[in-house]
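Read-outs throughout are calculated quantities, based only on the coordinates presented, and are distinct from any laboratory measurement. Model, not experiment: these values are computed from the prediction. All Cβ positions, even for glycine, are placed from backbone atoms using ideal geometry, and neighbour counts span all protein chains on display.
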Amino acid sequence: MFTGLVEMVGDIVERKPTTSGARLRIGSPMAAELAAGDSLAVNGVCLTVILAEASEIHADVGPETLRVTTLGSLARGALVNLERPLRADGRFGGHFVQGHVDAVGHVEELRRDADCHWLTVAFPPALAPYLVPKGSIAIDGISLTIAGLGSGRFDVMVLPFTMEHTNMQALKVRDRVNLECDMIGKYVVRAVELAGLTLSPLGASDVRH
């Protein structure tokens, strides 16, 4: 379980194809605090550390994960958000994040508002039932709040600290991002489906900020 509060930004040293997917080598001082078998969220994707030595972290990525996330398209030098699992005795912040990406979205717009930025992200139609205004969303593993929700797109505000301490500092229009919806919302939607009820759109308009 993660919180969506990024601990550190690493960089891709190498993405090497393997017979079972790919192996990532990530440069980060966090390597000194990790061991083989540890879990690590990389851009919101829960991976298992294969090797941690010096200032590099090695993790394998399976074929399915490569298909449903952005990890298969990361180039050398790309910045990635890193977060270790929440400790049982740790203080909880952000929201419940599993590290299981629901879909890939893309950046439609990134605009400044004083010292902050508004980020507009387009998402696949299948995610619509799980998104609500003022609800939580994880973008590349970053816990954010949906400030505006429209048909196939949502807005979030990114604070200066988040912009400076995550991979959002390098984000550009048309970039692809990993999206994970709020876990509690998923269970609610599933319970409604099992009860035989029909979900209908809330009629959210294209709210822009």
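Summary of values
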item	result
Amide proton proximity set for GLU83, modelled H, under 5 Å, gap of 5+	GLU7, ALA41
Percent of beta bridges antiparallel (DSSP, the chain, rounded to nearest 5)	100
Rel. contact order, % - alpha carbon contacts under 8 angstrom, at least six apart, the chain	23
When the stretch 1-75 is reduced to its Cα atoms, the Kirkwood hydrodynamic radius in Å	12.4
Debye-sum result for the stretch 103-191 in log10 I(q)/I(0), which assumes one identical scatterer on each alpha carbon, at q = 0.14, 0.16, 0.17, 0.24 Å⁻¹	-0.45, -0.58, -0.66, -1.29
Whichever lysines have a C-alpha closer than 24 Å to that of LYS186, once near sequence neighbours (fewer than 8 apart) are set aside	LYS134
Neighbour count of at most 13 Cβ within 10 Å plus DSSP loop: longest trypsin sites (Lys or Arg not before Pro)-free window in the chain	1-75
Separation of the LYS134 and GLU33 label points, Cα + 7 Å toward Cβ, nm	3.4
Phi to ³J(HN,Hα) by Karplus 6.51 cos²θ - 1.76 cosθ + 1.60 over the stretch 24-31, Hz, x for Gly, Pro	9, 10, 10, x, 6, x, 4, 4
Gain on full stretching of the segment that runs from ASP115 to ARG67 - 0.36 nm per residue minus C-alpha separation	13.7 nm
0 to 90° range, to nearest 10: angle between helix 183-194 axis and the chain longest Cα axis	50
Fully extended contour minus Cα-Cα distance, from ALA122 to SER20, at 0.36 nm per residue	33.7 nm
Using a Förster distance of 30 Å, the FRET efficiency for ARG190-ASP89 (Cβ separation, nearest 0.05)	0.45
Volume in Å³ per residue [convex hull over Cα atoms, computed for the chain]	129
Theoretical gain in end-to-end length, GLN169 to GLN98 [0.36 nm per residue, Cα-Cα removed]	23.2 nm
Computed FRET value (nearest 0.05) for MET8 with ILE50, which takes r as the C-beta separation and R₀ as 22 Å	0.75
Along principal axes, Cα extents of the stretch 45-107, largest first, whole Å	35, 33, 21
Local net charge near ALA54, Cβ-Cβ under 15 Å (Lys/Arg +1, Asp/Glu -1)	-4
